[in-house]
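Visitor: Below is one structure. I have some questions about it.
The values are calculated or read from the model by the stated rules, or taken from the named source; none is laboratory data. The structure presented is a predicted model; accordingly, all values stated were derived computationally and were not measured. Heads up, the Cβs are rebuilt from the backbone with ideal geometry, glycines too, and the neighbour counts pull from every protein chain shown.
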């Protein structure tokens, strides 16, 4: 990425020479920008393949550190009379004694065919398992992520404008508390107050049992269009089901927001403070621009760059599963599934999860880099 | 030259540094939040030092403080596995299977300091070594070390830590030392190729030492492993392995910033060795941001350790550790009425964790304001 001035002398002259009302300069820049962007995305996608290969090879090496008997044990199902023989059979059947690169190649070919293997911990195909668990994580993230980003940016900006004022002190205190409390502590505290004492919210789970029964009863013809109950309820004409899901999401969302907004507030505040001390802000003020324009048009936009990176990583991190929050609130999402898989040494699931994680983080990086061009027009993608 | 004149010379040389420290202390004292953080941490230090007085080791433990006493007398109607609320005998109450929460919280303070300081100090040393070498020598060394660092950073920390803890007992003795062997052999090959001058020779010898070390690891690791490596120690190892890349990156950036300054050139021109240039001129000018991050990191290490304990990876059930106590409360808190009834079982140890982390974060925040050259003189 490098900085480039937007207009060149040649295009400007051409535009004025024609005398038409069409700004050729803009068309030229727009077309070259699109071509640049497309080339950039293609390059990044090629890079993504290599990153994925690197990450999966590394995880594969880690799983290969386990003794072969232990890996074979994963394939032994049910009650087996002669364990040693069963293990020996599994080793032979799945080529577990083969060299590392042979096993990795087999796995890779299977991956390209969409076959990630059988997950022991969830007793399902890995792809199916991830596809059924991800929606529960998504239901929390879809509310938490926008809240975190907008609240973080708003409070960070307010706190920087009114430096050392009451708003600043309050939001700094909030960010220190959010940053210091363990997420299980926040979750359990919320549960104790709002579910235990006040009884406003449900204790655990992602849906009330009556709705779960309704959803699973075949004669109701409940269609899983998206796999996400929140949207499926609306699409099936059952808004109360969606409301029920929403009701179950409130406490987990508050937990996640309290913890994760802290970092964003801090970064936004310090970035904003740094920008406000830049010479061009003084210039803008001396031109007689109103305070509002200076802060929101000049300062905030320039201060958003580090926050954009952080938000991208944050959302990607949230989408890979909220391990602690899901455990506390009994949401059977991706995070709790991953922990279950790791504690059971469920290698196929761990590999699938790793691929998904790497994919999410690399795409988040890509999206953030493309967003840069919109936040700061001086940045060109090359 | 007499001793007194040497002392005078030393004093003159140290004067700017001393006045700098005075200034920092003054700034610290002006900030309420900094003092609050300092008082909280000092309070925890006092608790840790007075632990044998505050919570005497019960005689059944035979001098071993690392087991929470169980109250065997509480049985009958209430039940052995039902937590009892705070009483005069157990001022914080008891948790699942009648473990005394007060004892666990007091001795857990020592555990918290041990976990936080060990992980941060060891990651700092490893990160310092790798980051400085990469930035100072640049080129192939930089590429090799930093790409390795990038790979570790690419993984989600908590997941990687869980994987390391679980793989530790079975995988480490043989396979990991083989991995060490492979990595160091790889480095030796690279650095043998680099041996053109004195630096190359030094590096080759350093990595030959690493090779020797990995051979020793290969031969003796099973023995070292038998030295009572508890579950918590595995968590320490895992958190260290996950923690060092952040420091390596930070230090690399700082050293890169400093290494082309004039005073570094002057030091080199006056013929000082690489080691002297790094330790006397580069590191003193690039280490402050690292200290700030390290202070803040002690809190986050405790949080990660507690999160690991919460999902059942960490100290065993009778070990005085805050995270373990919260984790134990999970088995009795199963519905909305239980969470109110057994509120003390998670709230008290959770409160200790929160205060400990708040203390370190306040202190680190204040240090940032005091030490950061961009912010300090405002």
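Visitor: Consider residue A:355 carefully, then state whether it is more than 30 Å from residue A:96 (Cα to Cα) and surrounded by fewer than 20 Cβ atoms within 10 Å (Cβ to Cβ).
Guide: no
Visitor: Does at least one position in the range B:314-329 carry a residue that is on the phi > 0 side of the Ramachandran plot, surrounded by 22 or more Cβ atoms within 10 Å (Cβ to Cβ), in contact with a helix residue (DSSP H, G or I) (Cβ under 9 Å, 6 or more places away or on another chain) and in contact (Cβ under 8 Å) with a residue 40 or more places away in the chain?
Guide: For the range B:314-329, residues on the phi > 0 side of the Ramachandran plot, surrounded by 22 or more Cβ atoms within 10 Å (Cβ to Cβ), in contact with a helix residue (DSSP H, G or I) (Cβ under 9 Å, 6 or more places away or on another chain) and in contact (Cβ under 8 Å) with a residue 40 or more places away in the chain: present.
Visitor: Can you tell me which residue is nearest to the chain's Cα centre (by Cα) among those in the range A:278-295 that are under 18 Å from residue A:162 (Cβ atoms) and exposed (fewer than 12 other Cβ atoms within 10 Å of the Cβ)?
Guide: A:292
Visitor: Here is a further query. Look through A:334, A:314, A:318 and report the one residue that is within 12 Å of another protein chain (Cβ to nearest Cβ), closer than 18 Å to residue A:151 by Cα and modelled with pLDDT of 85 or more.
Guide: A:318
Rundown of residues vs (1) surrounded by fewer than 23 Cβ atoms within 10 Å (Cβ to Cβ); (2) touching a residue at least 60 places away in the same chain (Cβ under 8 Å), yes/no style:
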{"position": "B:93", "(1), (2)": "yes, yes"}
{"position": "B:103", "(1), (2)": "no, yes"}
{"position": "B:108", "(1), (2)": "no, yes"}
{"position": "B:113", "(1), (2)": "yes, yes"}
{"position": "B:129", "(1), (2)": "yes, no"}
{"position": "B:136", "(1), (2)": "yes, yes"}
{"position": "B:147", "(1), (2)": "yes, no"}
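Visitor: Scan B:27, B:6 and give me the residue that is closer than 26 Å to residue B:369 by Cα and part of a helix (DSSP H, G or I).
Guide: B:27
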